[in-house]
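J.: Take this structure, written in structure tokens, and hold onto it; I'll ask about it next.
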């Protein structure tokens, strides 16, 4: 799609009057009487004769015998009322349509000009004008030339391109789009009936209209030909640059080239090159060079020969510079085409909001490098929204971009300082974890979470609730207060931050009665909104058949996979466990399980590290047994407060494994830590230490108590020991 332009600042009095006069002129334009009424209104210029004078033709080295009449269909969409607010207006397209109409009438002397704008861009209107009206006119008047020009948003799905219609509801709304393939088929009637035709299509992904490249060869204006020049390739955006002009870059450069720079053949022995006409190869060569330079080759115009037998000639434009110098035409302001003699118009540099919109659009399209570039530019111009987006891209590295947490912190801070609460929440998290070159500072983290929460950011409220739950950052542990902020987080946004509130209902914490049904409902809300951890939690609910849901192992696996793909490390761990035991529809695949444990551990999921440690200890998934590596992973997991990791590390100290010296005192402390955290295995192992009197005085009553706890937590070994 086109990147939206700034709203033009108008000189209100004189300019508004001038535009009103132009509208009045358009309203009384002559119209053909033999055209059905529903189509007649689209004629903005109509004369039933050839407007090209012999004088103008002679200046270009042509005669009246070389050229018939000139017909044009201009189409475009500049208003999309059903798109998000920031995408509803496409000012460059509006400028393009206005300029094309005036230019073709005043400098190219077209006889008939039809304009289809906004809601008039329909399949029915295209069919009438491209298959019925204009083919008949072109057949009636030999050697006539036809121009089709389009400007508006374009979208892509696979190799196919579409022009987005005015009633589209999103940038993937094919139902309210016109296929470029279909349009090319309709245009075939023009190709067959016009002596010379040219289609100019300015839209993102417009290269899908192309048929056959013709190369940069010389074509004469006296021969027949049918061509198309598109703004870019099938996977390229079409750009607008306010510094070049208010219209699209494609058409701004076209008007500039028609001043004379594009007329570069033949080379003259004296004076500038050119022969007074600009053919398709000349125009394409000029547009390619100019637009590639302006966009650093991000937009590369394409040209194609549409004639089934190959073109021997070419549509042509007149060299405007020669017309002006000969006194035939008035000057055209190449910097501001289409608004000559309407007074001075101020065109400021794009605002931060417009730059941010360019970044948003590129991000939607998956052009993450381009999005980052736009966000950085907008951030430096004062857009807090763009600073946050830049930081988020540095945090996550979408599309293979390099993750740079130090850079992320820099832009989190800028976003926060400029008033974007999301930046404050993100910066608080980095202080919380001591990442991105920051020393861990939970007090500063809490201050930033509170600032974000006070400004209505759900993630800030959620993290502040976690801080209250843990009693960190100078806060007294308070689960009731934590739940208060979890609820505020859930209510603040689109549901993404409902996960912690769901867990509080699941566990009956913070003054809440345990309510697994409510918990499952909140997990689903957050998962549907894209919060990956909630997908993991919902998967666990399906796995165990809780919250009023019937057990569904396949659904659990699907949710674990969704969570893992979205970046939740615990989801990867649970998916790995599912592969390890062949859960649901999965076949047992220990290698895949180990792969997922490693992915989770690399993302700092402590349980993933514990499971990977077990894999090294027993040689799971074709891993070579490596007790030292296992101990290393257990320690990493335990240091991150994973009770299974602590229990396994305790077992290693108990047995003197993995290069450790046997140490029963350390083993007891680790088993106690695991048991206190609710790990059944840790409680059972600690019971064994009391049974044997290792690291603690022998105490069978204490051991029995621990076995009972382990049994209640689901450890079968503990249950057996109780019976014995």
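J.: Determine whether region 391-406 contains at least one residue that is buried (at least 17 other Cβ atoms within 10 Å of the Cβ) and closer than 23 Å to residue 295 by Cα.
T.: Yes, because at least one residue in region 391-406 is buried (at least 17 other Cβ atoms within 10 Å of the Cβ) and closer than 23 Å to residue 295 by Cα.
J.: Yes or no: residue 660 farther than 30 Å from residue 589 by Cα and not in a helix (DSSP H, G or I)?
T.: Here the answer is yes, as residue 660 does meet what is asked.
J.: Out of the residues in region 320-340 that are modelled with pLDDT of 70 or more and part of a loop (DSSP other than H, G, I, E, B), which is surrounded by the fewest Cβ atoms within 10 Å (Cβ to Cβ)?
T.: So the residue we want is 327.
J.: In region 652-662, is there at least one residue being more than 50 Å from the chain's Cα centre (by Cα), free of Cβ contacts under 8 Å to residues at least 40 places away in the same chain, surrounded by 21 or more Cβ atoms within 10 Å (Cβ to Cβ) and farther than 25 Å from residue 581 by Cα?
T.: Yes.
J.: Does region 627-637 contain at least one residue that is in contact (Cβ under 8 Å) with a residue 24 or more places away in the chain, over 30 Å from residue 655 (Cβ atoms), surrounded by 16 or more Cβ atoms within 10 Å (Cβ to Cβ) and not assigned by TED's automatic domain parsing to the domain that holds residue 667?
T.: Checked against the condition, which is being in contact (Cβ under 8 Å) with a residue 24 or more places away in the chain, over 30 Å from residue 655 (Cβ atoms), surrounded by 16 or more Cβ atoms within 10 Å (Cβ to Cβ) and not assigned by TED's automatic domain parsing to the domain that holds residue 667, region 627-637 yields no hits at all.
J.: Hey, another quick one. Among (1) without any contact (Cβ under 8 Å) to a residue 12 or more places away in the chain; (2) part of a loop (DSSP other than H, G, I, E, B), there is one condition residue 58 misses while meeting the rest; what is its number?
T.: (2) is the only condition that residue 58 fails.
J.: Within region 28-36, does at least one residue satisfy the condition of being over 33 Å from the mean Cα position of the chain (by Cα), outside the structural domain of residue 299 (by TED's automatic domain parsing) and modelled with pLDDT of 90 or more?
T.: Yes, region 28-36 contains at least one residue that is over 33 Å from the mean Cα position of the chain (by Cα), outside the structural domain of residue 299 (by TED's automatic domain parsing) and modelled with pLDDT of 90 or more.
J.: Further question: Since residue 635 meets every condition but one in (1) farther than 16 Å from residue 669 by Cα; (2) at pLDDT 95 or above, which condition does it not meet?
T.: (1)
J.: Restricting region 192-222 to residues that are assigned to a strand (DSSP E or B) and more than 28 Å from the chain's Cα centre (by Cα), which is modelled with the lowest pLDDT?
T.: 220
J.: Before we move on, is residue 189 assigned to a helix (DSSP H, G or I), closer than 30 Å to residue 63 by Cα, at pLDDT 90 or above and in contact with a helix residue (DSSP H, G or I) (Cβ under 9 Å, 6 or more places away or on another chain)?
T.: yes
J.: Can you go through 117, 145, 137 and tell me which one is at pLDDT 90 or above and surrounded by 24 or more Cβ atoms within 10 Å (Cβ to Cβ)?
T.: 145
J.: Separate question: Pick out the one residue from 287, 306, 283 that is surrounded by 19 or more Cβ atoms within 10 Å (Cβ to Cβ) and in contact (Cβ under 8 Å) with a residue 60 or more places away in the chain.
T.: 306
J.: Residue 621 - would you say it is surrounded by fewer than 23 Cβ atoms within 10 Å (Cβ to Cβ), within 44 Å of the chain's Cα centre (by Cα) and either free of Cβ contacts under 8 Å to residues at least 40 places away in the same chain or part of a loop (DSSP other than H, G, I, E, B) (or both)?
T.: yes
J.: Next question. For region 538-576, name all the residues that are surrounded by 21 or more Cβ atoms within 10 Å (Cβ to Cβ) and over 34 Å from the mean Cα position of the chain (by Cα).
T.: 547
J.: Hey, residue 167 hits all of (1) crowded, with 24+ Cβ neighbours inside 10 Å; (2) over 19 Å from residue 249 (Cβ atoms); (3) over 20 Å from the mean Cα position of the chain (by Cα) but one; which does it fall short on?
T.: (1)
The values are calculated or read from the model by the stated rules, or taken from the named source; none is laboratory data. The shown structure was predicted, so the numbers you read here are calculated from the model rather than taken from an experiment. In this analysis, Cβ positions are derived from the backbone assuming ideal geometry, glycine residues included, and neighbour counts consider all displayed protein chains.
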